Amino acid sequence: MLTATRAQRGAVVRLWPRISRKSFTISEFARLIRAIPDHEAPSFSDRCGLVEAARSLRGFVPPPEDPDQDDIEDPYRQPLEVYEFVGARLDGEMAVIADGLRM
């Protein structure tokens with residue numbers, strides 16, 4: 001389960017506590033995928049393997065200094081520049097995730 005913000009992830013986990021180990025913000029998931037050692041990448045046979053590898057790195061990959069960096073800003077009713085920034089950020093994070101799924 002991927003969410004845009006930590007608050008959204010928290011709301012999902014409150015509804016379905018069993019999903020806590022398999023839920024991430026988009027930015028957290030991308031950060032964890034970036035940290036997967038290259039020698040482990042070929043062992044992923046499916047999405048579950050990628051999720052498990054990312055989950056296993058929690059606590060080992062340093063979080064951002066500012067926890068808000070794991071949240072993707074909602075651009076609703078914001079200036080065009082905010083939409084463009086958020087779009088570029090999502091594009092980058094999702095590219096990392098897509099590449100991870102192709103490992």
* To do: Taking the Cα centre of the chain as origin, sum charge times position over the Cβ atoms of Lys and Arg (+1) and Asp and Glu (-1), and report the length of that vector in debye to the nearest 20.
  => 660 debye
* Structure fact -> The answer for the chain, accessible area per residue at 1.4 Å probe in Å², is 68 Å²
* Asked: Per residue of the chain, what 222 nm ellipticity follows from adding -39500 (n - 2.57) for every DSSP H run with n ≥ 4, rounded to the nearest 500?
  -> -16000 deg cm²/dmol
* Structure fact -> Under Stokes-Einstein, the chain at 4 °C and 1.567 mPa s, with its Kirkwood radius over C-alpha pairs, diffuses with a coefficient in µm²/s of 89 µm²/s
* To do: Can you tell me how much longer the chain between ARG58 and MET94 gets when fully stretched, taken as 0.36 nm per residue apart minus their C-alpha distance, in nm with one decimal?
  => 11.1 nm
* **the chain, accessible surface, carbon-and-sulfur percent (1.4 angstrom probe)** => 57 percent
* Compute the distance in nm between two label points, each set 7 Å from the Cα along the Cα-to-Cβ direction, one at CYS48 and one at VAL13. => 2.3 nm
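The values are calculated or read from the model by the stated rules, or taken from the named source; none is laboratory data. Please read all numbers here as calculations on a predicted model, not as lab measurements. Because the Cβ atoms are built from the backbone with ideal geometry, glycine has one as well, and the counts that use them run over all protein chains shown. All accessible areas refer to the heavy atoms of the entire protein, side chains included, with ligands and DNA or RNA removed. Shrake-Rupley method; radii C 1.70, N 1.55, O 1.52, S 1.80 Å.
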